[in-house]
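K.L.:
First, the structure itself, so that you have it in front of you.
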Amino acid sequence: MLYYPFSNAPLPVLYQAVLYWDDLATVVASGWQNRVNDRMREVHDAGLYRPIEPYEDFEPIEIGAIEAELNHALDSMPLDDLMPPSSNIDERTNILHLEKIHGSVADELRRHRLVREVPGAPWRLIGSPALVHVVVSVVAEQIARQANERVGFTSEIGLRPHTDMSIAHRLGLEPISGQMATPGWRVDIGQLLPVPAGDVMLSDLLRFRKDYDHERRRMMRAIDDLLMQLSHGQHPADVFRSVKQELAEATEELHAAAGARWKVWSRRAIGVTVATGGAYVGGAASGTSGAITAGLAVLSGVMINVATDTIRGTQAGDSGWQRYRYLHRVQRKLGAIAGGRLR
């Protein structure tokens, strides 16, 4: 799981990463040890956190590689939202570390007067929260591309972009006028991956992960199978018939384990956008999404909904770097499981 745009993942996303994913990665600058919170440090100590320093781990991303995406994102936002604040600077939302971006990107932002330097700290730039989110999101997408071109997105060290910010998710998916677009699916898998309700100790989550590792892996394999078949362009009804039994059994196992460990678990909305190929040139009106197309009832009360979408196209020879993108609705709960059953 590559979470962006912040270094610290919010608790619902962190819980998902610890319980289900092989590990969690975020984009950081040097000195990140002093900026991540206690929860992230605990995940790091457990061997499940992978901090990514762009200049250390990947080739610097020059402005030419991201200019189209960056300009599209900036043009989609009101200018007032992009202007740097003059006061009340917040380290988390207003500071853009130059170690995360190439000098040519910083020069372009300066040229448009969208950033200004921090007095006495020229390695940091001040920008609006919206600008920082956009820039780091674009960089995160490029990091995912580089990583997955090296090892493939299905490898143990492949990266799949996750965010809890709708604007970051949308700006990374919207077709750019005159460039390639592709049909896709929006899949809601939130009901399959519950997390404990309320605040829990990470040590308890880590213990659950260890005790029920088989159930965790089976569920993630079943979800991967569902998404992979959809990405190959198969109709959802055909895919559902193929994976329904495995998903139902994986869900029953995992939810039974959940009910045995904690009395109440919550389900939060998690959307996955799946590119299906068949690229074509997108117009300005591209990017509209359709109504719900299909639904799979895995078990009583557990439903996976699928809707059509039009998204930014992948490149020829692409290794799947943007095949799946996840959006976590951290404020939206779908329901609760009590004693392993939907309540």
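K.L.:
Against the condition at negative phi and not aliphatic (A, V, I, L, M), how does Asn71 come out, does it pass?
P.N.:
yes
K.L.:
Right, something else. Please determine, by comparing only the residues of the range 236-249 that are touching a strand residue (DSSP E or B) at 6+ places or on another chain (Cβ under 9 Å) and under 15 Å from Gln191 (Cα atoms), which one is least open to solvent (accessible area, probe 1.4 Å).
P.N.:
Leu247
K.L.:
Additional query: Checking Leu159 against (1) out of contact with any helix residue (DSSP H, G or I) (no Cβ under 7 Å at 6 or more places or on another chain); (2) under 15 Å from Met1 (Cα atoms), which test does it fail?
P.N.:
Leu159 satisfies all of (1) out of contact with any helix residue (DSSP H, G or I) (no Cβ under 7 Å at 6 or more places or on another chain); (2) under 15 Å from Met1 (Cα atoms) except (1).
K.L.:
Next up: I need the full set of residues from the range 118-163 which are out of contact with any Gly (no Cβ under 7 Å at 6 or more places or on another chain), open to solvent by less than 10 Å² (accessible area, probe 1.4 Å) and among the polar types (S, T, N, Q), in order please.
P.N.:
The answer is Ser128, Thr163.
K.L.:
Right, another one. Residue under question is Tyr55, and the condition is that it be among the aromatic types (Phe, Trp, Tyr), modelled with pLDDT of 85 or more and out of contact with any Lys or Arg (no Cβ under 6 Å at 6 or more places or on another chain); does it hold?
P.N.:
no
K.L.:
Which pairs turn up if I take residues in the range 78-104 that are of a type outside the set (A, V, I, L, M, F, W, C) and look for partners that are surrounded by fewer than 17 Cβ atoms within 10 Å (Cβ to Cβ) and part of a loop (DSSP other than H, G, I, E, B) with beta carbon separation below 7 Å, at least 6 apart in sequence or on another chain?
P.N.:
Close Cβ pairs (under 7 Å, with a partner that is surrounded by fewer than 17 Cβ atoms within 10 Å (Cβ to Cβ) and part of a loop (DSSP other than H, G, I, E, B)) amount to Asn94/Pro85; Glu99/Ser30; Glu99/Glu53; His102/Pro60; His102/Glu62; Ser104/Glu62.
K.L.:
When Leu171 is evaluated against the numbered criteria (1) in contact with a Pro (Cβ under 8 Å, 6 or more places away or on another chain); (2) open to solvent by less than 20 Å² (accessible area, probe 1.4 Å), which criterion, by number, is the only one it fails?
P.N.:
(1)
K.L.:
Among what's in the range 291-329 and is modelled with pLDDT under 70 and hydroxyl-bearing (Ser, Thr, Tyr), pick the residue that is nearest to Trp185 (Cα to Cα).
P.N.:
Ranking the qualifying residues of the range 291-329, first place goes to Thr293.
K.L.:
Same structure, new question: How many of the residues in the range 56-96 are among the aliphatic types (A, V, I, L, M) and under 15 Å from His133 (Cβ atoms)? Let's see the steps before the verdict.
P.N.:
Going residue by residue through the range 56-96, those that are among the aliphatic types (A, V, I, L, M) are 61, 63, 65-66, 68, 70, 73-74, 77, 79, 82-83, 89, 95-96.
Next, only the ones that are under 15 Å from His133 (Cβ atoms) stay: 66, 70, 73-74, 77, 82-83, 95-96.
Summing the residues that are among the aliphatic types (A, V, I, L, M) and under 15 Å from His133 (Cβ atoms) in the range 56-96 gives 9.
K.L.:
Hey, another quick one. If we scan the range 134-156, do we find a residue that is closer than 25 Å to Asn71 by Cβ and part of a strand (DSSP E or B)?
P.N.:
Going through the range 134-156, the residues closer than 25 Å to Asn71 by Cβ turn out to be 134-149.
Next cut, part of a strand (DSSP E or B) only: none.
Looking through the range 134-156, none of the residues is closer than 25 Å to Asn71 by Cβ and part of a strand (DSSP E or B).
K.L.:
Related question: What are the residues in the range 240-273 that are in contact with a His (Cβ under 9 Å, 6 or more places away or on another chain), closer than 30 Å to Ile311 by Cα and at pLDDT 85 or above, if any? Please lay out each step first, then the result.
P.N.:
Taking the range 240-273 first, the residues in contact with a His (Cβ under 9 Å, 6 or more places away or on another chain) are 253, 265, 268-271, 273.
Those still in the list that are closer than 30 Å to Ile311 by Cα too: 268-271, 273.
Ala269, Ile270, Gly271, Thr273 - these are the residues of the range 240-273 that are in contact with a His (Cβ under 9 Å, 6 or more places away or on another chain), closer than 30 Å to Ile311 by Cα and at pLDDT 85 or above.
The values are calculated or read from the model by the stated rules, or taken from the named source; none is laboratory data. Everything quoted here is computed from the prediction, not taken from an experiment. Note: ideal-geometry Cβ built from the backbone for every residue, glycine included; neighbour counts use all protein chains shown. SASA here: full protein model, heavy atoms, side chains in, ligands and nucleic acids out. Shrake-Rupley method; radii C 1.70, N 1.55, O 1.52, S 1.80 Å.
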